[in-house]
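Working notes for the structure below.
The values are calculated or read from the model by the stated rules, or taken from the named source; none is laboratory data. None of these values were measured; they are calculated from a predicted model. Glycine also receives a Cβ, built like all others from the backbone with ideal geometry; neighbour counts cover every protein chain displayed.
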Ligand code: NDP
């Protein structure tokens, strides 16, 4: 039977490419999203992938929806924690709400989804968790103390949970994308983006499909010996 995969924020941007790559691998994919119903409907009609709306920062909502997915499709054995938001600003301008919201969604979402799915993976003695971090969690970024802290936290979370999962056949890895041509990056002002691209050795932004291929490998049957690692997919912008 096809393994069941949940991709958070799986209906557009990097998440959309991940959902499609996992479907191509023969997984039963559920693509979660937060509120863009029109986009989710269009995505589902085009791809045949089931979509489900809930807020990954909401602990109870994650437990409830994952339990419903398990009832309908079987244990969730692959989780890709991809949903993420930005609320940028220098420390002087960043509100406490901006800080909390980014931590709640970007880092809290990983905890909530792991809590919901880890027991089923343990029972199945097989699981794959991939957390989408960021180059800005590795290197920091001006105007992003909230986002950089949350993404950096994801890398620590990954290494700690990998140690808990290893003896149950559960691998936990992270991918740290560089700048990828999605809506999130479209929000960056042109003059800032030009400066960013100038610092990328390969001379261009990345494509969502390039991140999805990394996820497809880390969630594959072949990747059982890879755990606690961070795959940096950034065009050489940050070598670590
Ligand atoms: P987008 O903004 O294009 O898409 C974000 C997705 O996450 C959407 O599907 C959105 O749903 C969903 N989402 C947002 N908040 C929540 C929430 N609370 N609960 C559930 N789903 C939510 O993002 P990208 O594709 O650019 O980024 C994907 C991931 O990659 C993020 O974690 C981001 O931080 C990371 N990343 C991106 C980089 C880039 O250059 N683009 C670089 C490094 C990391 P909806 O459609 O309903 O709004």
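Miscellaneous remarks
- Across the stretch 86-137, the qualifying residues are those that are more than 29 Å from residue 236 (Cβ to Cβ) and assigned to a loop (DSSP other than H, G, I, E, B), and the one among them that is farthest from the ligand (Cβ to nearest atom) is 125.
- Summed over the stretch 216-225, the residues that are touching a strand residue (DSSP E or B) at 6+ places or on another chain (Cβ under 6 Å) and assigned to a helix (DSSP H, G or I) give a count of 1.
- All positions within the stretch 66-85 that are within 16 Å of the ligand (Cβ to nearest atom) and assigned to a loop (DSSP other than H, G, I, E, B): 82, 83, 84, 85
- Residue 10 being assigned to a loop (DSSP other than H, G, I, E, B), closer than 26 Å to residue 169 by Cβ and within 16 Å of the ligand (Cβ to nearest atom): yes
- Within the span defined as the stretch 29-44, one or more residues are closer than 18 Å to residue 213 by Cβ and either touching a helix residue (DSSP H, G or I) at 6+ places or on another chain (Cβ under 7 Å) or within 8 Å of the ligand (Cβ to nearest atom) (or both).
- Sub-6 Å Cβ pairs linking a first residue in the stretch 25-46 that is at pLDDT 95 or above to a second residue that is assigned to a helix (DSSP H, G or I), at least 6 apart or interchain, are 25/216; 28/73; 29/19; 29/22; 29/23; 30/69; 31/19; 33/40, ordered by first then second residue.
- In this entry, residue 3 passes the filter for residues that are away from the ligand (no atom under 11 Å from the Cβ) and over 12 Å from the mean Cα position of the chain (by Cα).
- Residue count for the stretch 14-26, restricted to those that are crowded, with 22+ Cβ neighbours inside 10 Å and either near the ligand (Cβ under 10 Å from one of its atoms) or assigned to a loop (DSSP other than H, G, I, E, B) (or both): 6
- Among residues of the stretch 160-189, those that are away from the ligand (no atom under 13 Å from the Cβ) and outside any strand (DSSP E or B), counted: 11
- Filter result for residue 223 (away from the ligand (no atom under 16 Å from the Cβ), over 20 Å from residue 150 (Cβ atoms), in contact (Cβ under 8 Å) with a residue 40 or more places away in the chain and surrounded by 14 or more Cβ atoms within 10 Å (Cβ to Cβ)): yes
- For the stretch 190-215, residues that are assigned to a helix (DSSP H, G or I), in contact with a helix residue (DSSP H, G or I) (Cβ under 8 Å, 6 or more places away or on another chain) and surrounded by fewer than 19 Cβ atoms within 10 Å (Cβ to Cβ) total 3.
- Criterion violated by residue 160 - all others in (1) closer than 21 Å to residue 114 by Cα; (2) within 15 Å of the chain's Cα centre (by Cα); (3) surrounded by fewer than 20 Cβ atoms within 10 Å (Cβ to Cβ) satisfied: (2)
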